[in-house]
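The structure appears right after this line, and notes come after that.
The values are calculated or read from the model by the stated rules, or taken from the named source; none is laboratory data. Quick caveat: nothing in here was measured; it's all calculated off a predicted structure. Every residue, glycine as well, gets a Cβ built from its backbone with ideal geometry; the counts of neighbours run over all protein chains shown. Note: accessible area is taken over every heavy atom of the protein model, side chains too, but ligands, DNA and RNA are not part of it. Shrake-Rupley method; radii C 1.70, N 1.55, O 1.52, S 1.80 Å.
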Amino acid sequence: MGKTIIISNRLPVQLQISEGGIVATPSVGGLATGMKSIHNSGESLWIGWSGLTDEETPEELNDAINIALEKHNCSKVNLSQEEMEGYYFGFSNRTIWPLFHYFMEYTEFELDFWESYKSVNQKFADAILENSDEDDIIWVHDYQLMLVPQMIKEKRPNAVIGFFLHIPFPSYEIFRTIPWREELLSGLLGADLIGFHTYDYERHFLSSVRRLLGLEVSFNDINIGNRVVKVDSFPMGIDYKKFRDAAIAHNALAPENRSVLQKRLDDHKISAPDTKLILSIDRLDYSKGIAKRISAFEYFLNKYPEYKEKVRLVILAVPSRSNVPQYQLLKKEIDELVGRLNGELSTVNWTPIWYFYRSMPFKNLIDLYISSDIAWLTPLRDGMNLVAKEYIATRIDKTGVLILSEMAGSAYEMNEALLINPNNFEHQAETLKKAITMPKKEQMARNMFLQKRLERYNVEVWAQEFMTALKNQIENNEAFVSKKINDTILSKITTKYKNATNRLVFLDYDGTLADFHNDPQQASPDKALYEVLDKIHNQKNTTLFLISGRDKQTFTKWFLHKKYNMIVEHGVWISRNGEEFSLLENVKSDWMHKIKPVLESFVDRTPGSFIEEKNYSLAWHYRNTDPDFGEKRATELNTVLTSLTSNDTLSVLNGNKVMEVKSSNVNKGRAAVRMLSESDFDFVFAMGDDWTDEYMFEELPESTISVKVGRQKTQAKYFIENTKKVRELIGKFAE
Ligand code: ADP
Ligand code: G6P
């Protein structure tokens with residue numbers, strides 16, 4: 001493997017032009033601060049937007065900009081003002097951001113934004129292709145670049161691509177409102193591994209993929225035909241050592257060397273030693289719940305007036321996305337709220353809120369973390385929230401209380417914090433009181449666990465785990481149990497076929513010769529299929545069998561007049577050369593009246609499902625049900641049926657969206673082997689798509705050419721992508 005290419009909208013540094021020169025400042029936000037440590041510790045190139053639009057970049061400074069970025073191992077994607085408006089301020093931050101954070105009312109669906117998003121994503125993809133080698137690992141980040149994985153895969157099918165979403169993935173009910181939802185999902189599926197902060201986001205994503213794209217999902221694998229995409233959760237950590245070391249260095253500073261801000265905080269401590277400092281740090285974003293927090297603070301002071309003059313709330317709000325109207329409104333709202341509350345409650349000695357609206361250097365951030373007795377973080381929805389983790393990491397003596405919203409991804413890993421629902425003011429007031437009065441011993445006990453976890457699962461471990469999972473996924477895909485039928489293999493098989501003197505061919509029907517249909521009766525054979533089957537059937541020295549789980553009535557209607565050999569109901573019935581079907585196996589049907597009511601109760605409770613009654617088996621079809629619900633019911637039914645059929649006479653087959661109960665002495669493998677014993681064949685071929693065909697692959701002899709349709713775990717030697725390719729293959733036999 002080569003180097004790692006990191007791609008995100010924002011680079012770890014932002015360039016500005018000041019007095020004709022270039023100034024680089026560190027970027028704010030979880031993605032940039034988290035990934036920076038990874039970037040600095042290995043060989044990687046980071047591609048992203050420099051912070052300057054084309055219009056803001058004088059021609060003569062271009063070289064200086066590139067040099068400034070190269071120093072940080074960065075390379076820029078140029079964006080015009082118009083592109084920023086449509087792609088960044090528009091689709092990214094007026095469509096995806098609010099929607100993915102459950103702010104439906106702020107979400108705008110504008111075609112122009114979408115067009116711009118697509119074309120800028122293409123720009124990023126092109127920049128990656130230009131700046132990377134074939135063996136590089138490409139790691140795409142966040143919601144601004146969801147189409148990039150697919151755009152790269154299209155041009156470079158063997159590229160190794162990981163994608164990580166740093167924000168929540170919303171529930172299907174929310175996601176499905178996007179007019180371009182399928183395109184977004186397909187864009188992401190260009191990746192080999194897709195990572196989320198929490199299992200809930202992962203689950204929401206899988207559910208959307210299943211429902212909107214109809215793709216097969218098993219556990220956290222998405223089968224997209226020619227490969228499998230893995231989805232997993234990796235809660236992002238922080239650079240624990242960096243924060244801890246900074247705190248230690250900070251504590252070692254002589255008072256005169258401390259920052260202006262720290263001196264101010266120290267003065268405050270001296271003048272009011274029993275006043276508690278409560279800290280909140282966020283980008284100024286409606287998802288962070290800053291306005292609600294101020295109101296909750298007011299509620300607390302009114303409910304417990306004894307804490308007036310005994311607490312102070314320090315709010316650091318970092319300017320963010322200020323071209324988006326909603327952010328401008330929020331700024332105004334917070335200014336007013338702070339003004340009103342301070343106006344109403346301040347005394348000569350006390351201002352309840354200290355409010356800073358600016359970005360601060362790292363050392364000031366540490367000043368604030370260290371000096372605050374409580375960190376109070378109340379996002380209404382937050383992918384992760386690294387500030388919570390950073391606060392804990394800086395608490396060298398293990399004191400300090402973290403109050404954290406349950407709606408932050410980090411809450412899942414920070415159980416020892418005081419978790420709150422940001423909409424519940426009553427509970428928050430109680431929690432603030434609890435935090436203010438919490439004995440030091442308890443604070444330390446809680447933080448000890450938190451710190452241990454943060455230290456162990458730091459950002460480096462997080463990135464390593466993601467990378468290991470990505471590499472494993474590539475290996476899994478490469479070492480897939482069967483080989484894909486490419487042109488060379490196809491021509492070898494065809495040559496063997498032509499040279500053989502006695503051929504036996506088994507072809508499954510549904511999912512192999514014909515695509516699935518919501519109504520099974522609609523999946524009838526087309527003219528082209530008859531033509532090709534006619535040719536094979538009429539070839540000399542060739543025994544063709546259609547081998548299916550279908551009932552004999554349907555196959556009689558479709559194929560008897562063609563005189564094809566047929567085995568149906570998984571091996572119960574056989575018909576040769578146009579004869580009526582006869583029993584191939586001695587089977588019973590007296591069990592059916594007992595099992596049928598069970599299936600009927602599932603039909604009643606699962607809209608869209610139905611029972612297919614065959615002569616010797618019962619099948620419960622759930623292709624037309626809600627995919628998630630259908631799978632859930634199928635698992636339930638499987639458990640029920642397995643307990644009912646525990647003697648050896650019956651077995652349950654899990655097919656493609658169908659569950660079938662039948663006598664256990666019947667399966668396609670047994671039937672195929674019986675046919676095989678009837679002559680001395682020198683070419684045996686079996687092809688099928690689902691679980692029931694595995695019996696053939698397993699029981700036919702080693703020399704059989706077995707082919708699975710679709711890329712799934714199989715006993716077959718080869719796999720072929722889809723029914724279209726199947727037609728091409730049998731077309732070769734027919735030539
Ligand atoms: P988000 O990614 O939504 O902004 P996070 O809490 O996950 O929220 O990440 C914020 C990151 O930005 C943290 O790593 C924090 O240290 C950094 N940060 C926040 N405020 C400032 C600031 N004023 N100056 C510099 N960095 C900041
Ligand atoms: C969140 C997003 C990041 C983004 C950051 C800052 O953390 O997940 O992708 O970079 O906020 O937002 P901004 O729009 O300033 O890049």
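Among rounded, prolate and oblate, which fits the range 240-456 when a ≥ b ≥ c are the square roots of the eigenvalues of its C-alpha gyration tensor, a/c under 1.5 means rounded, and a/b larger than b/c means prolate?
rounded
For the pair Asn251/Ile224, report the inter-label distance in nm, with labels modelled 7 Å from Cα in the Cβ direction.
Going by the 7 Å Cα→Cβ label model, 4.9 nm.
Find how much the distance from Asp626 to Asn40 grows on full extension, using 0.36 nm per residue of separation minus their present alpha carbon separation; answer in nm with one decimal.
Taking Asp626 through Asn40 to full extension adds about 206.3 nm, to one decimal.
Share of the chain's accessible area from carbon and sulfur, percent, 1.4 Å?
Carbon with sulfur: 49 percent of the solvent-accessible area.
Grab the Cα-Cα distance for Asn349 and Glu613, subtract it from 0.36 nm times how many residues apart they are, and report the gain in nm with one decimal.
Taking Asn349 through Glu613 to full extension adds about 86.7 nm, to one decimal.
Work out the FRET efficiency for Lys596 and Arg340 from their Cβ-Cβ distance, taking R0 = 51 Å, and round it to the nearest 0.05.
The value I calculate is 0.15.
Counting only other residues whose beta carbon sits under 14 Å from that of Phe163, what net charge do I get with K and R as +1, D and E as -1?
-2
Specify whether the C-alpha gyration tensor of the range 410-462 places it in the rounded, prolate or oblate class, a ≥ b ≥ c being the square roots of the eigenvalues: rounded for a/c under 1.5, otherwise prolate if a/b is larger than b/c and oblate if not.
Since a/c reaches 1.5 but b/c is at least a/b, the shape of the range 410-462 is classed as oblate.
Work through the residues other than Asn615 whose Cβ is under 12 Å from its Cβ and net out their charges, Lys, Arg +1 and Asp, Glu -1.
Summing Lys and Arg as +1 and Asp and Glu as -1 gives 0.
Which of the chymotrypsin sites (Phe, Trp or Tyr not before Pro) found in the range 88-186 are loop residues per DSSP with 14 or fewer other Cβ atoms within 10 Å of their Cβ?
Phe109
I'd like the antiparallel share, as a percent to the nearest 5, of DSSP beta bridges with both residues in the range 310-458.
Here the antiparallel bridges make up roughly 5 percent for the range 310-458.
Separation between the Ala272 and Lys484 pseudo-spin-labels, each 7 Å from Cα along Cα→Cβ, expressed in nm?
6.7 nm
What's the FRET efficiency of Lys363 with Lys398 using the Cβ-Cβ distance as r and R₀ = 25 Å, to the nearest 0.05?
0.70
Per-residue ellipticity at 222 nm for the chain, helices alone: DSSP H runs ≥ 4 residues times -39500 (n - 2.57), over residue total, nearest 500 deg cm²/dmol?
-12500 deg cm²/dmol
When a/c is below 1.5 the answer is rounded, else prolate if a/b is larger than b/c, else oblate, so apply that to the range 4-233 with a ≥ b ≥ c taken from the square roots of the Cα gyration tensor eigenvalues.
Note, shape of the range 4-233 comes out prolate.
Mind giving me the FRET efficiency for Asn472 and Gln16? R0 is 51 Å, r the Cβ-Cβ distance, nearest 0.05 is fine.
Once rounded, the FRET efficiency stands at 0.80.
Hey, what's the chain come to in accessible area per residue, 1.4 Å probe, Å²?
Solvent-accessible surface per residue comes out at 42 Å².
What does the convex hull of the Cα atoms of the range 1-141 come to per residue, in Å³, rounded to a whole number?
Spread over its residues, the Cα hull of the range 1-141 gives 118 Å³ apiece.
Out of all DSSP beta bridges with both ends in the chain, state the antiparallel percent to the nearest 5.
Approximately 30 percent, going by the DSSP bridge assignments.
Let me check something: with ligands and nucleic acids excluded, how do Lys452, Lys331 order by accessible area (1.4 Å probe), largest to smallest?
Accessible-area ranking of Lys452, Lys331, largest first: Lys452, Lys331.
Given the Cα-Cα distance of Asn158 and Asp200 and 0.36 nm per residue of separation, how much length would full extension add, in nm?
12.1 nm
Hand me the trypsin sites (Lys or Arg not before Pro) from the range 483-586 located in a DSSP loop with no more than 12 other Cβ atoms within 10 Å, in residue order please.
Lys540
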